[in-house]
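Here is the structure we will look at.
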Amino acid sequence: MTEGGLLGGANHGADMQGVDGKRVAALIGDGFEEIELAEPRRALEEAGAIVTIVGTDERARQRVRGKRGLDDGQSLKAEELVADCTAEDFDALLIPGGTSPDRIRTDREVQRVVREFDTLKKPMFSIGHGAQVLISAQLVRGRQVTGVHSIADDIRNAGGLYRDQPTVTDSNWVSTRGAEDLPQFNRAMLEKLASAIPAQPVV
């Protein structure tokens with residue numbers, strides 16, 4: 001394939017083969033920012049990944065409320081509950097922003113699974129307020145991360161290195177400030193996922 005072909009919109013083929021069939025857990029609670037789930041999910045699914053919506057409690061199986069800025073957004077049903085999941089079930093973790101991260105950050109099962117992903121060095125994708133979950137899991141000390149400007153102090157206070165950049169990659173993490181940076185974020189997310197070792201390699 002020519003370089004020009006790789007840059008063409010639909011023709012990501014060569015560098016995205018590594019994404020096909022990989023499983024991504026999207027961890028959400030009420031108040032998730034709709035576009036911060038919908039756009040990465042679309043990019044992942046178009047590249048062949050399988051995205052599973054993971055909620056925090058039984059109620060999430062019926063309804064997790066999204067938001068669109070200050071307005072109500074689309075609601076979703078969780079396909080799995082975080083208490084039933086381990087990092088070994090998935091290849092990567094996606095944490096959309098909105099008010100969802102602040103609602104789920106103190107959940108012990110959320111903290112457990114997030115730490116498992118990091119211990120296994122599996123890709124973790126954080127958008128907007130998503131870094132609040134990483135802070136509560138006590139993972140950000142010494143790590144470069146970005147998020148919405150309003151949590152910059154929280155990141156610094158937790159020992160993280162806040163970077164005011166569209167997308168920041170640090171080891172297995174890819175973070176972004178928010179919806180306006182999703183095009184760059186989606187590219188970095190797919191590249192990171194493509195290079196990750198599959199969760200259950202075929203023996």
Computed E for Arg42/Ser150 - FRET, C-beta separation, R0 22 angstrom, nearest 0.05: 0.25
Among beta bridges that DSSP assigns inside the range 20-195, antiparallel share in %, nearest 5: 30 percent
Span per principal axis, largest first, for the Cα atoms of the chain (Å): 47, 38, 35
Quotient of Cα Rg and 2.2 N^0.38 Å for the range 48-103, N being how many residues it contains: 1.19
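Express in nm, to one decimal, how much length is gained between Glu58 and Arg187 on full extension, taking 0.36 nm for each residue of separation and deducting their alpha carbon distance.
43.1 nm
Just so you know, all these numbers are worked out from the coordinates, no wet-lab data involved. Being a predicted model, the structure only gives us computed values, none of them experimental. Neighbour counts are summed over all protein chains in view; Cβ atoms, including those assigned to glycine, are modelled from backbone coordinates with ideal geometry.
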